[in-house]
Every structure is written in structure tokens, then in C-alpha cells.
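The values are calculated or read from the model by the stated rules, or taken from the named source; none is laboratory data. This structure is a prediction, so every number in the text was calculated from the model and none was measured. Neighbour counts run over all protein chains shown; Cβ positions are idealised from the backbone, glycine included. These accessible areas exclude ligands, DNA and RNA; they are computed on the full protein's heavy atoms, side chains included. Shrake-Rupley method; radii C 1.70, N 1.55, O 1.52, S 1.80 Å.
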Amino acid sequence: MCVPGVEPVELTGRYGPLAAAGPAGPVYALTWSSSGSALCALGLDGRVRWSRPLNATPGLMRVAPDGGVWLADEAALAETTASGAPGRQIALSHAPDERIGEFVVLPDGFVVAWQSKPYRIARVERVDGSGVRRWSAELPDARLSYEGVVEMSAANNWKATPMAPWRPRELSPERPSGLLVSADRVLATYLDWSSGIGMGFCLDLATGELVWITPPHPTGDRAIAGPGAFLVGSQGYGAFSTRLYDRDGATVVEWPSHGRLLVSSRGRIRVVEMANDSSPRRLRRLHRDGTMTDGPFIPGYYTVGPALGGDGRAAFFRNGELQIVDPDLSVHTLWKGEGEGVGRMLLLEQGRLFFVLTSDWAKGDARLVIADTDLPPMDTGVWPCGESNLQANPVRLGGFFQ
């Protein structure tokens, strides 16, 4: 199968998320298989410009403004330059049981979220371009609870009762978007994978001071919403909501909706709803007075994208269809295909959409789909696609809001 005019590019082995240096590409893809792992750079036509074998299992990938690609592996950050040559290697100071859980690239260095296994501490730090520490913040010891989490034991005759607050055995940064930087705020979201309950910790970017903490909640999608402001989703155990937090941690508004988020250059919020139950979900517009505009019901769950064009139209893949959403929330099917995918979609020059579908999660079979559309360049808002931008680097500093 193919999108009219463009043949899908076949990727062998397992794959990671996509990123791009800019609207003209190149597109970067991480792949790995039994024979090893590699970082590839692709042109807009899907042809490989260069491919570089990696010595370790690839992890997180961020693209710097100069087009260089940064990868995290355990306790070090490694650069591949825009030409495909090895770049800087930055080993970070850490405790023996710590490893990098998330990181983002700043103009003058990095913010890194650390995890320990088993859970001992969670820590966020800011370092300069050489790895020299500017600050390190150990997060408060996590005690999780949620009204929908229950336990049963012989002591209560095996009746389901609310679970008392617990200290997780493992606590790691949520992915994706577990580390967001907006203006002078850093939001680090940590998750107990065994329960699905997590917490968000907001720190001052300049000092590392802890500013506010979210209540424990079933974690969901998150996004930057404005200077120092964040959208925090919650889904599971009966929760299905999105909150808008301001820079001081106050809840500005809460909507009974959750899913893949978009925030346009005009500050308008849209969501492609997701739910792992039988309830039908919609496309919606979330208004900052707490109301919502309902769009059509959308079948399916696993969603690739969405990606927002500058004219207000957005694209996403779900339930076997590549769909275009108009500003009035009406939906048009552009292409029907096979497979599922969870992740982000890249909108590049010439209306090219890049996204990955898989037909077998266990085997890691995947193919990269490149679709021709008439979408204009991507919107310039703070969250026009997953991870905030093509570079998969969710950092929006003051200049982005001017």
C-alpha cells in the first residue's frame, strides 16, 4: 500500500521516534535489530543521506538548532553532527545507580531528568554544553495515591478497598514529553509504571528551585500552553481530564477531555481524544473558559500525530486512516492503510507528512509512510505537533513567545 504519489519506505528492525532538523529535513530515524542499531538521515523523498551504526541501544533523541542529533545512553550524551560524523561525548556526573531518564537541549546546555533503579531518588539537573553542573535538584520523596487504586488482602476478606499511599519501587520520567521547558519553568513528570500513577514537579529553570507539584494522578498527555504554562492530562482509573496550570501551579481551568493535544499560534487548543474503554471519543476544541466545542466521533484508539498546519488544518492517523481535520473540526480521509502507530507525525515542506506504522509490535516490523498533502508549513504555536517541534525538543524559551 502507498499514499498516492509516494511509496512507503520500508524500515527493517525496531524503530524509535522521528525528528527533523527543520522543515526541509533531513528527517532522523533510529532503528535497531539483531545486527545492531543505527541513526539514519533521510531526505524528503525518503532516500537515505547517511546512516551511522551505533555502539549501544539507541535511546532518547533530540535535535539541536545546528542540526546535530543528541542521544542519551545511560549516563552520557552523545552528538552526531548534521553531516553524520561523530561529535561531542559528554559524560555526566551521577551516582552508580542513576541513569538518564529524559533530557532536553538548551541553547547553552541541557536539562536532564535522572532516575535510580530501584527507586532511591529522582533528580533533575541543568548542565552547560560541557556537562558542568549549574544546579541539581533532588525531588521530594514520592508517596503515591489515587482514589481509583484499590487493593485486596486476607485482612479485609479480599474486598477491594482504597490503597493506602505507597512508595513506588520504581519511578522514572514519563515518555514522551516527560520533561518540558517553557520560559522560566521546567516540568518533569515521573511515573510508577506498575500502577500508572505519577506526579509532575515544576522547577525554576534558572535556579532549580521547586515551585509546585501536581497531585498524584493517572498520567496522560502533556503540552506547553504558554509562557511557564502547561497542559497536564490524566487518563485511567475513571479519570479523563486535562488541566491548564499557570507558572505558579494554579489550575486555571480543567476540561473533561483527554488525548493528543495541539496549541496553535493563536493559543487555541484542540484535542484528538483517546480512551481505552468502549466510550466513543471526539475531536474537540478546548476553550479557556472551561467550555468545549464538540467535533465528530472518531473510532479507534492508537493515534499517530496530530500535526497542525499554519492554515488551521491538522493531520493524524487513526483506525487505519490518514485524516485531515479542518478548523471547524470536520474530518476528511486522505488515505486508508494498514497498521498501527503511536507517536508523532512530522509536517515538512511541500506538505510532506512522515510517520511510522507497524503491523506487528512483537516483531518490530515497521514502515515509514511519506504522504503528499496540500497542507501549508507547520503552525508556529507552542505545540503544533508532538514534542512541541520538529526537533523533538520540547523547549520554548522567552523568544518563542515574542
Open item on the list: Can you pull out every residue in segment 227-244 that is hydroxyl-bearing (S, T, Y) and part of a strand (DSSP E or B)?
Closed with: S234, S241, T242
TODO: State all residues of segment 272-291 that are open to solvent by 40 Å² or more (accessible area, probe 1.4 Å), over 15 Å from D328 (Cα atoms) and part of a strand (DSSP E or B); if no residue qualifies, say none.
DONE: R281
Task: Given (1) in contact (Cβ under 8 Å) with a residue 24 or more places away in the chain; (2) touching a helix residue (DSSP H, G or I) at 6+ places or on another chain (Cβ under 7 Å); (3) not hydroxyl-bearing (S, T, Y), number of the condition D374 does not satisfy - done: (1)
Task: Subset of segment 345-364 [open to solvent by 10 Å² or more (accessible area, probe 1.4 Å) and among the hydrophobic types (A, V, I, L, M, F, W, C)] - done: V356, W361, A362
Task: R123 being in contact (Cβ under 8 Å) with a residue 24 or more places away in the chain and surrounded by 13 or more Cβ atoms within 10 Å (Cβ to Cβ) - done: yes
Task: Enumeration of residues in segment 261-271 that are open to solvent by less than 70 Å² (accessible area, probe 1.4 Å) and either in a strand (DSSP E or B) or of a type in the set (K, R) (or both) - done: L261, L262, V263, I269, R270, V271
- [ ] Filter segment 1-27 down to the residues that are modelled with pLDDT under 75 and within 23 Å of the chain's Cα centre (by Cα), then identify the one that is least open to solvent (accessible area, probe 1.4 Å).
- [x] G16
- [ ] Need at least 3 residues that are open to solvent by 20 Å² or more (accessible area, probe 1.4 Å), out of contact with any Gly (no Cβ under 9 Å at 6 or more places or on another chain) and over 20 Å from A275 (Cα atoms) per element, so show me which strands (runs of 3 or more DSSP E) inside segment 292-344 make the cut, counting only ones lying wholly within it.
- [x] 331-336
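This table checks each residue for (1) assigned to a loop (DSSP other than H, G, I, E, B); (2) on the phi > 0 side of the Ramachandran plot; (3) among the aromatic types (F, W, Y); (4) open to solvent by 80 Å² or more (accessible area, probe 1.4 Å).
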| residue | (1), (2), (3), (4) |
| --- | --- |
| R52 | no, no, no, no |
| W70 | no, no, yes, no |
| G84 | yes, yes, no, no |
| A95 | yes, no, no, no |
Open item on the list: Could you go through segment 149-156 and let me know if any residue there is modelled with pLDDT of 90 or more, in contact with a strand residue (DSSP E or B) (Cβ under 9 Å, 6 or more places away or on another chain) and among the charged types (D, E, K, R).
Closed with: no
TODO: Might you check whether a residue that is out of contact with any Phe, Trp or Tyr (no Cβ under 9 Å at 6 or more places or on another chain), β-branched (V, I, T) and over 29 Å from Q235 (Cβ atoms) occurs anywhere in segment 86-104?
DONE: no
- [ ] Return the total of residues in segment 245-260 being open to solvent by 10 Å² or more (accessible area, probe 1.4 Å) and either modelled with pLDDT under 95 or assigned to a strand (DSSP E or B) (or both).
- [x] 6
TODO: Could you tell me which residue of segment 126-155 is nearest to A392 (Cα to Cα), considering only residues that are among the hydrophobic types (A, V, I, L, M, F, W, C), assigned to a loop (DSSP other than H, G, I, E, B) and open to solvent by 20 Å² or more (accessible area, probe 1.4 Å)?
DONE: V132
Open item on the list: Against the conditions (1) in contact with a Pro (Cβ under 7 Å, 6 or more places away or on another chain); (2) surrounded by 21 or more Cβ atoms within 10 Å (Cβ to Cβ); (3) aliphatic (A, V, I, L, M), where does A239 fall short? Just the number, please.
Closed with: (2)
Open item on the list: Looking at segment 217-226, can you tell me whether even one residue there is farther than 19 Å from F317 by Cα and in a loop (DSSP other than H, G, I, E, B)?
Closed with: no
Open item on the list: Restricting to segment 28-50, give me the number of residues that are touching a Pro at 6+ places or on another chain (Cβ under 7 Å) and open to solvent by 20 Å² or more (accessible area, probe 1.4 Å).
Closed with: 3
